[in-house]
Amino acid sequence: MTYRFKVNGDDVALEVPGMRRLLDALREDLGLIGTKEGCGEGECGACSVLVDGAVVDSCLVPVCQVDGTSVLTVEGLAPAGELDPLQQAFLERGGAQCGICTPGMLIAARAYLDRGGGPVEDDIREAIAGNLCRCTGYTKIIDAIAHAAGSSTSV
Ligand code: FES
Ligand code: FES
C-alpha cells in the first residue's frame, strides 16, 4: 500500500508496510537523519516530530497513522538553511551538548512557541517534560527556549 503525506512541506509517497515506524521511514526511506532514536520505547523524546502540529514520538507511530497528515522534522525548521530562532538560541545559550536530545527538544519547543508559549520556566519545563537530556541539566535548554520566546532573562 502507498502512504501519502507531507514532510517538511514536500509531498511524499511511501510504499512500505503500514506498521513501519515513522522514525524508520524518516531516517531510512527519506534520508532525514536529523530525527534521532534514543530509547525506541516512547520514553526519551529524541525521536519527536510534529504531526499536524502535535508532538509525537515517531518511534511509536506507524506510517499508516500519518497517511494524509503533515509531518515536520528538525530539518524543516531551517528549510532555506537559515536557522530557526530556537536553533540560534540553542547555539548562543549552550543548549546542546552531545546533541542526541536536541532535535526532539527543538521540535517540542517549536510546538510550544507555536501555541503561544512564553518565557515562563515552569511552562517550558512542562512543554519539554517528554524529552530527556543526559548532558545539560536542562537549565541551558530552558534558557534558550525562554530566549527564543522573547526573554533576555536567564532562568
Ligand atoms: S526513541 Fe522515541 S521516545 Fe525514545
Ligand atoms: S545534549 Fe546530550 S542528551 Fe541532551
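The values are calculated or read from the model by the stated rules, or taken from the named source; none is laboratory data. Here the structure is a predicted model, which is why all the values come from computation and not from measurement. Reconstructed Cβ throughout: ideal geometry from the backbone, glycine too, with neighbour counts over all protein chains shown. Quick note on the areas: whole protein, heavy atoms, side chains included, nothing else; ligands and nucleic acids left out. Shrake-Rupley method; radii C 1.70, N 1.55, O 1.52, S 1.80 Å.
Some observations on this one:
- Rounded to the nearest 20 debye, the dipole magnitude of the chain is 200 debye, with +1 charges on Lys and Arg beta carbons, -1 on Asp and Glu beta carbons, and the Cα centre as origin.
- Spin-label model distance (nm) - Q65 vs E121, 7 Å beyond Cα toward Cβ: 3.4
- Computed from the C-beta positions of T139 and A13, the FRET efficiency with R₀ = 35 Å rounds to 0.20.
- Y3 contributes an accessible area of around 20 Å² to the protein surface, as traced by a 1.4 Å probe with all chains present.
- The accessible-area ordering, largest first, of the residues R4, R110, R93 stands as R4, R93, R110, per a 1.4 angstrom probe.
- C-alpha center-to-center spacing [the stretch 14-35, the stretch 48-116] in angstrom: 16
- Longest to shortest principal axis, alpha-carbon extents of the stretch 95-148, angstrom: 29, 17, 17
- Accessible surface computed residue by residue for the stretch 58-155, with neighbouring protein chains in place and a 1.4 Å probe, gives 48 Å² per residue.
- As a ratio to 2.2 N^0.38 Å, the alpha-carbon radius of gyration computed for the stretch 28-93 takes the value 1.18.
- Dipole magnitude for the stretch 47-100: about 140 debye, using +1 per Lys or Arg Cβ and -1 per Asp or Glu Cβ, origin at the Cα centre.
- Dipole-positive endmost among L60, A78, A89 within the chain (Cβ charges, Cα centre): A89
- Across the stretch 35-141, the fraction of Cα-Cα pairs farther apart than 20 Å, rounded to a whole number, is 35%.
- For the chain, built as a Gaussian network whose Cα springs stay under 10 Å, the top-fluctuating residue of V63, V16, V74: V16
- Here the accessible area of the chain is 48 percent carbon and sulfur, with a 1.4 angstrom probe and all protein chains present.
- Per-residue HN-Hα couplings for the stretch 30-47 [Karplus 6.51, -1.76, 1.60; θ = phi - 60°; Hz; x = Gly/Pro]: 10, x, 9, 8, x, 6, 9, 9, x, 8, x, 10, x, 9, 10, x, 4, 9
- Accessible area ranking (1.4 Å probe, heavy atoms, ligands and nucleic acids excluded), largest first, for D122, D84: D122, D84.
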